[in-house]
Amino acid sequence: STILTWAHEGSGSMVLDGIGARVLVVTAHPDDEVLFFSPLILAASARRQGVLHILCLSTGNANGLGSVRRLELVKSCSVLGLPPEQVHIVDHRDLQDGMDTRWPCNVI
């Protein structure tokens, strides 16, 4: 396995070092891909080499909005250059979203 590192150049563009043929970005909730990983996803998508997948560990169903949040995730990833078949969402009863919810480590 390879560790991926990235940094901003003076121009604001991303420099990726160590990116391989396959990249998996793992997030906890829908919208984390944009809040935390959009520069990485955009840079990796722009390279047009290999395949990048998103794995989201919850549906974001904290307020009963799981189906809406799923669609938002797929649309967000589309804007970032990822087709729907490269977006994967886990819907596990022990990985529900919520401010007071703790996820069991053995499930993650």
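The values are calculated or read from the model by the stated rules, or taken from the named source; none is laboratory data. Remember, predicted model here, so these are calculated numbers, not experimental data. In this analysis, Cβ positions are derived from the backbone assuming ideal geometry, glycine residues included, and neighbour counts consider all displayed protein chains. In case anyone asks, the SASA skips ligands and DNA or RNA and just uses the protein heavy atoms, side chains included. Shrake-Rupley method; radii C 1.70, N 1.55, O 1.52, S 1.80 Å.
Results for (1) touching a strand residue (DSSP E or B) at 6+ places or on another chain (Cβ under 8 Å); (2) open to solvent by 20 Å² or more (accessible area, probe 1.4 Å); (3) at pLDDT below 95, shown as yes or no for each residue.
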residue	(1), (2), (3)
33	yes, no, yes
36	yes, yes, yes
41	yes, no, yes
52	yes, no, yes
61	no, yes, yes
66	no, no, yes
74	yes, yes, no
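Mind listing just one residue for me: the one in the stretch 82-91 that is in contact (Cβ under 8 Å) with a residue 24 or more places away in the chain and assigned to a loop (DSSP other than H, G, I, E, B) and, of those, nearest to residue 41 (Cα to Cα)?
82
Test residue 107 against the stated conditions and say whether it is under 19 Å from residue 24 (Cβ atoms) and of a type outside the set (Ser, Thr, Tyr).
yes
From the set of residues in the stretch 4-28 that are modelled with pLDDT of 85 or more and in contact with a strand residue (DSSP E or B) (Cβ under 7 Å, 6 or more places away or on another chain), which is most open to solvent (accessible area, probe 1.4 Å)?
24
Name, by its number, the condition in (1) in contact with a Cys (Cβ under 9 Å, 6 or more places away or on another chain); (2) closer than 17 Å to residue 23 by Cβ that does not hold for residue 89.
(2)
May I ask you to verify whether residue 76 is assigned to a loop (DSSP other than H, G, I, E, B) and among the small types (Gly, Ala, Ser)?
The answer is no for residue 76.
Step by step: first the residues of the stretch 83-108, then only those that are modelled with pLDDT under 90 and open to solvent by less than 40 Å² (accessible area, probe 1.4 Å), then the one that is nearest to residue 39 (Cα to Cα). Which residue is that?
Filtering the stretch 83-108 for residues that are modelled with pLDDT under 90 and open to solvent by less than 40 Å² (accessible area, probe 1.4 Å), the one nearest to residue 39 (Cα to Cα) comes out as 97.
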